[in-house]
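First the structure, which I've put down as structure tokens, then a few questions once you've had a look.
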Amino acid sequence: MASSFLQRLVDPKKNFLARLHMKSVSNRLRKYGLRYDDLYDPMYDLDIKEALNRLPREVVDARNQRLKRAMDLSMKHEYLPDDLQAVQTPFRSYLQEMLALVSRMQVLVITKKELVQLCFSLKPPDVYLIRTTIHTLWC
């Protein structure tokens, strides 16, 4: 019950204050030409660093370019021109899917010793099932 209450509380579609906050964040990101995913720091969280390493080079280069432009504008105490602000998409995600994949992969990490113990404790059909599951997940 508490979980559904919290979800309703932070959902911009259902809560006026959440919608107001999302609009405020959107306006601030548009002023500098950033996306919300650009705010994640790869030095703070290793999952984000790994997700960025797995993204295509063009996506990471575009992210770095947006961050450089935002720092430049901030140092000059300026904002993007209004026509460029209008075409910005601050909540268009490029990192969330890869971040979810990296998180799932870390859950699936099994040490070699645990895997050997698991295989020896199972009957032959179960070993085949585990082997095919590991192959589909890791390959």
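In region 14-40, which residues are aromatic (Phe, Trp, Tyr) and open to solvent by less than 90 Å² (accessible area, probe 1.4 Å)? Step through it out loud before you land on a result.
First pass over region 14-40, keeping only residues aromatic (Phe, Trp, Tyr): 16, 32, 36, 40.
Within region 14-40, Tyr32, Tyr40 qualify.
I need a count of the residues in region 38-67 that are free of Cβ contacts under 8 Å to residues at least 24 places away in the same chain and touching a Pro at 6+ places or on another chain (Cβ under 9 Å).
2
Is there a residue in region 13-35 that is of a type in the set (Gly, Ala, Ser), farther than 29 Å from Met105 by Cα, at pLDDT below 90 and not in a loop (DSSP other than H, G, I, E, B)?
Checked region 13-35: at least one residue is of a type in the set (Gly, Ala, Ser), farther than 29 Å from Met105 by Cα, at pLDDT below 90 and not in a loop (DSSP other than H, G, I, E, B).
Look through Leu52, Leu73 and report the one residue that is closer than 24 Å to Leu101 by Cβ, out of contact with any Ser or Thr (no Cβ under 6 Å at 6 or more places or on another chain) and not small (Gly, Ala, Ser).
Leu52
Condition first: closer than 25 Å to Tyr40 by Cβ, in a helix (DSSP H, G or I) and either modelled with pLDDT of 90 or more or not hydrophobic (A, V, I, L, M, F, W, C) (or both). Can you find one or more residues in region 104-112 that meet it?
Yes - at least one qualifying residue is present in region 104-112.
How many residues, within region 51-102, are open to solvent by 30 Å² or more (accessible area, probe 1.4 Å) and either among the acidic types (Asp, Glu) or not in a helix (DSSP H, G or I) (or both)?
The number of residues fulfilling the criteria is 19.
The values are calculated or read from the model by the stated rules, or taken from the named source; none is laboratory data. On a predicted model such as this, the values are computed, not experimentally measured, just so you know. Reconstructed Cβ throughout: ideal geometry from the backbone, glycine too, with neighbour counts over all protein chains shown. Surface accessibility is based on the protein's heavy atoms, side chains included, excluding ligands, DNA and RNA. Shrake-Rupley method; radii C 1.70, N 1.55, O 1.52, S 1.80 Å.
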